[in-house]
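Novice: My structure is below; once you've seen it, I'll send some questions.
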Amino acid sequence: MVNLNSIKEKINRMSHSASAMWQLTYDAFIEHDVELITKALEEENKLNSLEEEINKEIIGLAKASVGPKEKSRVITYANIAGDFELIGDYCKDILERIQIKIEEKLLFSEDAVEEYKDLYRKTKGALDEVVFVLEKDNPALIKEVLRKEEHIDSLVDKYRQHHDHRMLDGECTPMGCNMFLNMLDFTAAVYYHIKKIAKSILEIK
């Protein structure tokens, strides 16, 4: 029987790095702090390294005599690792916008900031629950995460409409407008991959 403990431990570490990066991304936005951007990117490097290590281990397992059940688990863990790495990529995309925001001294309206905060909190809540399930190593717990699933796409559409009204009222600059929309979309993408991870965890048997 294949020992997946090493891969599971690395997946767990990826979940913590993704959570830390998401928190640091938000903090950098709120505090306008470039040092926090640097710290967040350090977490992305950890995510990339861990995914590479996991992939090497998976390739090693593939060369071994692996039964259908173990092979299915290996594929699931590979998918989870890939989704965590993509969460890091989207955080990096947001961080690039925050870097520009700081350098150009751009300001968002109070409403825009509150809307971004709301999306951040909902996404963080889902990510925290995934981290908890992985720590407990109990895939059955993920059912509660999926039961409470937020309709992020609908919320993003709603906030886009709010943004259009603010733009027509002259409350934001063209650069600020594009940046805000990018951050909404990237946040929705992060949530999407958290949801994918949750569904993958449910497949682990």
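The values are calculated or read from the model by the stated rules, or taken from the named source; none is laboratory data. Small disclaimer: the values here were computed from a predicted structure and weren't measured. Cβ atoms come from the backbone with ideal geometry, glycine included; neighbour counts cover every protein chain shown. Calculation scope for accessible area: heavy atoms of the full protein, side chains included, ligands and nucleic acids excluded. Shrake-Rupley method; radii C 1.70, N 1.55, O 1.52, S 1.80 Å.
Novice: Can you find a residue in segment 29-46 that is out of contact with any Ser or Thr (no Cβ under 9 Å at 6 or more places or on another chain) and within 20 Å of A198 (Cα to Cα)?
Specialist: no
Novice: Still on this structure: Within segment 22-38, track down each residue that is farther than 18 Å from A189 by Cβ and of a type in the set (V, I, T).
Specialist: Once the filter is applied, which keeps residues that are farther than 18 Å from A189 by Cβ and of a type in the set (V, I, T), segment 22-38 yields I30, V34, I37, T38.
Novice: Can you pull out the residues in segment 65-121 that are assigned to a loop (DSSP other than H, G, I, E, B) and in contact with a helix residue (DSSP H, G or I) (Cβ under 9 Å, 6 or more places away or on another chain)? Even if it seems obvious, please write down each step before you answer.
Specialist: Just the residues of segment 65-121 that are assigned to a loop (DSSP other than H, G, I, E, B), to begin with: 65-67, 104-109.
Correct list: V66, E104, L106, L107, F108, S109.
Novice: OK, next. For D137, all conditions in the list (1) in contact with a Ser or Thr (Cβ under 6 Å, 6 or more places away or on another chain); (2) at pLDDT below 90 hold save one; what is the number of the exception?
Specialist: Every condition holds for D137 apart from (1).
Novice: Cβ-Cβ below 9 Å, separation at least six or inter-chain, first residue in segment 157-169 and at pLDDT below 90, second open to solvent by 70 Å² or more (accessible area, probe 1.4 Å) and not hydrophobic (A, V, I, L, M, F, W, C): which pairs?
Specialist: Going by the 9 Å Cβ cut-off, the qualifying pairs are H162/D111; H163/D111; H165/E171; R166/D111; M167/P174.
Novice: Any residue at all in segment 127-143 that's touching a helix residue (DSSP H, G or I) at 6+ places or on another chain (Cβ under 6 Å), open to solvent by 40 Å² or more (accessible area, probe 1.4 Å) and either over 16 Å from K195 (Cβ atoms) or part of a helix (DSSP H, G or I) (or both)? Let's see the steps before the verdict.
Specialist: Kept after step one, since they are touching a helix residue (DSSP H, G or I) at 6+ places or on another chain (Cβ under 6 Å), are these residues of segment 127-143: 127, 129-131, 133-134, 139, 141-142.
From what is left, the residues that are open to solvent by 40 Å² or more (accessible area, probe 1.4 Å) are 129, 141.
If we keep only those that are either over 16 Å from K195 (Cβ atoms) or part of a helix (DSSP H, G or I) (or both) as well, we get 129, 141.
Yes - at least one qualifying residue is present in segment 127-143.
Novice: Check off (1) free of Cβ contacts under 8 Å to residues at least 40 places away in the same chain; (2) crowded, with 19+ Cβ neighbours inside 10 Å; (3) not aliphatic (A, V, I, L, M) for K105 and give me the number that stays unchecked.
Specialist: (2)
Novice: Using the structure shown, decide if K105 is farther than 29 Å from T76 by Cα and over 20 Å from the mean Cα position of the chain (by Cα).
Specialist: Taking the combined requirement at face value, the residue satisfies it.
Novice: What number goes with the only condition from (1) at pLDDT below 95; (2) open to solvent by 50 Å² or more (accessible area, probe 1.4 Å); (3) assigned to a helix (DSSP H, G or I) that N3 does not pass?
Specialist: Unmet for N3, out of (1) at pLDDT below 95; (2) open to solvent by 50 Å² or more (accessible area, probe 1.4 Å); (3) assigned to a helix (DSSP H, G or I): (3).
Novice: Next question, about the same structure. Considering only residues that are open to solvent by 70 Å² or more (accessible area, probe 1.4 Å), over 26 Å from E104 (Cα atoms) and not charged (D, E, K, R), which ones fall in segment 14-50?
Specialist: Listed by number, the residues that qualify are H16, N45.
Novice: If you don't mind, another one. Can you tell me which residues in segment 112-126 are β-branched (V, I, T) and within 11 Å of L155 (Cβ to Cβ)?
Specialist: Within segment 112-126, just T123 meets the criteria.
Novice: From the residues in segment 79-102 that are buried (at least 19 other Cβ atoms within 10 Å of the Cβ) and acidic (D, E), which one is farthest from L155 (Cα to Cα)?
Specialist: Of everything passing the filter in segment 79-102, E85 is farthest from L155 (Cα to Cα).
Novice: Please count how many residues of segment 158-202 are open to solvent by 40 Å² or more (accessible area, probe 1.4 Å) and under 20 Å from the mean Cα position of the chain (by Cα).
Specialist: Final tally of qualifying residues: 7.
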